[in-house]
1. For K330, go through the lysines and keep the ones whose alpha-carbon is under 28 Å away, minus same-chain ones fewer than eight residues off.
2. Just flag the chymotrypsin sites (Phe, Trp or Tyr not before Pro) in segment 192-291 sitting in loop per DSSP whose Cβ has no more than 13 other Cβ atoms within 10 Å.
3. If you rank T122, T320, T226, T299 by fewest surrounding Cβ atoms within 10 Å, what's the result?
4. What is the local net charge at S238, summed over the other residues whose Cβ is closer than 13 Å to its Cβ (Lys, Arg +1; Asp, Glu -1)?
5. Using Cα centres only, tell me the gap between segment 259-288 and segment 30-45 in whole Å.
6. Using DSSP to define loop residues, name the GluC sites (Glu not before Pro) in segment 99-185 whose beta-carbon has at most 16 other beta-carbon atoms within 10 Å.
7. Determine the calculated [θ] at 222 nm for the chain from helices alone, applying -39500 (n - 2.57) to every DSSP H run no shorter than 4 residues and normalising by the residue count; nearest 500 deg cm²/dmol.
8. Which FRET efficiency, nearest 0.05, do Q166 and D223 yield, Cβ-Cβ r, R0 35 Å?
Amino acid sequence: MGVIMHAIPAPAFLFNLCVGYFAPRCLHLVTQLGVADVLGNTPMSSEELARATGAHADSLHRMMRMLAAHGVFERRGHGWVHTDYSEHLKERHPQSQRSFVLMMGNDINWSAAGVLGGTLRTGETACDAVSPGGLWPYLRARPDEARIFDAAMNSKSHMAIGAVLQGMDFHRYEHIADIAGGRGHILTAILDAAPRARGTLFDLPDVVAHALTHPRMKGQAGDFFTGPLPRADVYLLSNVLHDWTDPQAIAIFRRIREVAPPHAEVLVLEMMLPEGSEPHPAVAMDLIMLSLTGGRERTQGEYDILLAEGGFKLDRIISTDSPYSILVGKVA
Ligand SMILES: C[S@@+](CC[C@H](N)C(=O)[O-])C[C@H]1O[C@@H](n2cnc3c(N)ncnc32)[C@H](O)[C@@H]1O
């Protein structure tokens with residue numbers, strides 16, 4: 001019947017749901033303040049943390065209490081200590097999520113979410129109403145925010161890198177092209193795992209200019225709607241198609257198809273929307289796309305149709321331990 005049974009009464013459930021946005025807001029602000037890096041191995045009081053970060057002690061205390069209620073930081077006596085979740089907010093944690101949290105809390109995200117009612121009426125991307133031209137020109141005009149965005153993709157890619165290395169054997173490819181690969185965090189991890197392969201990182205000029213370096217990776221700056229793409233044995237599209245509408249996603253496939261040799265494969269790494277209404281991270285990600293980029297998350301069947309329209313046929317689907325799946329397409 002599609003009825004979800006909740007353990008708590010409906011009024012309390014709806015109260016929690018509608019006030020829930022304060023938890024992410026506290027997470028953004030406390031992360032921005034750098035509390036996770038200031039807090040060491042011994043408990044620190046809210047006053048000590050406030051002094052060290054330049055915050056207002058009582059406001060910080062109340063935000064820390066909200067975060068602790070979600071398992072991020074923990075109260076010990078009169079002080080605060082780390083939990084595994086808050087450890088991941090440290091800048092130097094090997095799987096740091098700091099940049100992703102900062103990016104999700106930046107002004108453009110909150111402003112776009114604030115005008116999402118317009119999207120509900122018209123279907124127009126909320127971000128475009130806040131910043132004409134949308135997200136990518138917005139970032140190009142603000143290098144500091146652009147660097148946070150790129151670093152956020154790096155943070156988010158820990159899951160994607162695990163998924164791609166678990167799901168695929170890259171040894172059989174000589175030349176791997178990562179299309180819209182950001183700073184190259186996924187491509188460099190793939191090249192480390194496939195010592196005979198070389199890679200091309202393709203992205204917008206200012207992104208490629210700040211990319212990571214790898215002895216077997218070269219950068220190619222361009223626009224995948226207009227510029228020439230590299231000729232390669234395999235094309236990775238990780239978290240790219242979900243930024244775009246169906247016609248734009250098909251256009252990206254077609255641009256690849258124009259240069260791809262007949263044996264080439266295309267790997268689509270995305271979260272697949274479930275067919276039903278079960279919880280899945282792709283559901284929230286879909287609304288982020290609705291708000292920010294005008295793109296969308298898709299079901300496996302919907303990706304299958306885009307591949308076919310773009311000149312590829314679905315060869316196989318690889319599920320991973322993460323929310324990501326890999327669709328492998330071959331030249332049709
Ligand atoms: C969501 S990020 C994904 C980055 C990376 N593939 C990953 O999985 O972490 C989307 C990327 O698309 C790039 N991009 C946006 N518009 C583009 C265009 N017209 N041509 C090439 N790259 C573009 C952005 O610069 C950004 O790096």
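1. Straight-distance partners of K330: K156, K218, K313.
2. Passing both the DSSP loop test and the Cβ count: F225.
3. Working: T122 10, T320 18, T226 7, T299 13.
By the 10 Å Cβ count, ascending, the order reads T226, T122, T299, T320.
4. Its environment carries a net charge of -2.
5. Here the two parts' Cα centres lie 36 Å apart.
6. Those satisfying the criteria are E124, E174.
7. Dividing the helical sum by the residues of the chain leaves -13500 deg cm²/dmol.
8. The formula returns an efficiency of 0.65 here.
Every number here is computed from the coordinates shown, using simple stated rules; none is lab data. Quantities reported herein were computed from a predicted structural model and do not represent experimental measurements. For neighbour counting, all protein chains shown are included, and Cβ atoms are generated from backbone atoms with ideal geometry for every residue, glycine included.
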